[in-house]
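**Student:** Starting off with a structure, shown below.
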Amino acid sequence: VQLQASGGGLVQARDSLRVSCTASGGTINSLTVAWFRQAPGKERAFVAAISWAGGGPVYSDSIKGRFTISRDNAEDMVYLQMNSLKPDDTAVYYCAGRRATVIHRERRSYNVWGQGTQVTVSS
């Protein structure tokens with residue numbers, strides 16, 4: 001299974017944007033999926049995650065209350081809805097998956113990664 005993130009773009013501060021994660025070679029419905037982001041010069045950081053078995057969602061403190069992770073099993077997609085965007089949210093956003101049901105915040109816990117999608121928030 002491979003994952004692919006899409007939907008990034010250039011938006012202004014306080015705008016909303018939704019990024020999507022889809023799978024190829026398998027179904028995303030059998031994966032616990034997390035979103036990570038990496039800003040220029042910074043480490044890749046956990047954003048949010050949701051289990052395939054109904055656990056979660058779990059959010060990082062920096063985006064809690066502004067971002068919502070969800071999954072649509074019928075569409076075989078996982079989404080990250082981002083509201084009230086700030087320039088500090090500018091980063092490449094990656095989705096990652098793992099087959100276990102337990103949600104982890106650590107990057108090393110995820111063994112399926114997709115190419116990221118760039119989100120740029122202007123002030």
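**Student:** ALA5: in contact with a Lys or Arg (Cβ under 9 Å, 6 or more places away or on another chain) and in contact (Cβ under 8 Å) with a residue 60 or more places away in the chain, yes or no? First the steps, then the outcome.
**Tutor:** Numbers: in contact with a Lys or Arg (Cβ under 9 Å, 6 or more places away or on another chain): no; in contact (Cβ under 8 Å) with a residue 60 or more places away in the chain: yes.
Against the criterion (in contact with a Lys or Arg (Cβ under 9 Å, 6 or more places away or on another chain) and in contact (Cβ under 8 Å) with a residue 60 or more places away in the chain), ALA5 does not qualify.
**Student:** Can you pull out the residues in region 43-83 that are buried (at least 16 other Cβ atoms within 10 Å of the Cβ), over 23 Å from SER122 (Cα atoms) and among the small types (Gly, Ala, Ser)?
**Tutor:** Matches in region 43-83: ALA49, SER51, GLY56.
**Student:** A further question follows. For residues that are assigned to a strand (DSSP E or B), over 17 Å from GLN2 (Cβ atoms) and not aliphatic (A, V, I, L, M), scanning just region 84-120, find the one that is most open to solvent (accessible area, probe 1.4 Å).
**Tutor:** Looking at the filtered set, the residue picked out is GLN118.
**Student:** Return the residue satisfying two criteria in turn: it lies in region 43-61 and is of a type outside the set (Gly, Ala, Ser), under 14 Å from TYR110 (Cβ atoms) and in a loop (DSSP other than H, G, I, E, B), and of such residues it is nearest to the chain's Cα centre (by Cα). Give the steps one after another, and end with the answer.
**Tutor:** Just the residues of region 43-61 that are of a type outside the set (Gly, Ala, Ser), to begin with: 43-44, 46-47, 50, 52, 57-59, 61.
Retained after the next criterion (residues that are under 14 Å from TYR110 (Cβ atoms)): 44, 46-47, 50, 52, 58.
Subset that is in a loop (DSSP other than H, G, I, E, B): 44, 52.
Numbers: ARG44: 12, TRP52: 14 Å.
Of everything passing the filter in region 43-61, ARG44 is nearest to the chain's Cα centre (by Cα).
**Student:** Let me ask you something else. State which residue is farthest from ALA100 (Cα to Cα) when the search covers only region 24-42 and only residues that are open to solvent by 20 Å² or more (accessible area, probe 1.4 Å) and not in a loop (DSSP other than H, G, I, E, B). If you could, list the steps in order and put the result at the bottom.
**Tutor:** Residues of region 24-42 open to solvent by 20 Å² or more (accessible area, probe 1.4 Å): 24-27, 29-30, 37-42.
From what's left, not in a loop (DSSP other than H, G, I, E, B): 24, 29-30, 37-38.
Details: SER24: 19, ASN29: 12, SER30: 9, ARG37: 21, GLN38: 24 Å.
Filtering first and then ranking leaves GLN38.
**Student:** Of all residues in region 66-83, which are outside any strand (DSSP E or B) and in contact with a helix residue (DSSP H, G or I) (Cβ under 7 Å, 6 or more places away or on another chain)?
**Tutor:** Of everything in region 66-83, those that are outside any strand (DSSP E or B) and in contact with a helix residue (DSSP H, G or I) (Cβ under 7 Å, 6 or more places away or on another chain) turn out to be ASN73, ASP76.
**Student:** Can you tell me which residue is nearest to VAL78 (Cα to Cα) among those in region 12-22 that are open to solvent by 20 Å² or more (accessible area, probe 1.4 Å) and in a strand (DSSP E or B)?
**Tutor:** Here the residue is THR22.
The values are calculated or read from the model by the stated rules, or taken from the named source; none is laboratory data. Everything quoted here is computed from the prediction, not taken from an experiment. Reconstructed Cβ throughout: ideal geometry from the backbone, glycine too, with neighbour counts over all protein chains shown. The accessibility values were calculated without ligands, DNA or RNA, using every heavy atom of the protein model including side chains. Shrake-Rupley method; radii C 1.70, N 1.55, O 1.52, S 1.80 Å.
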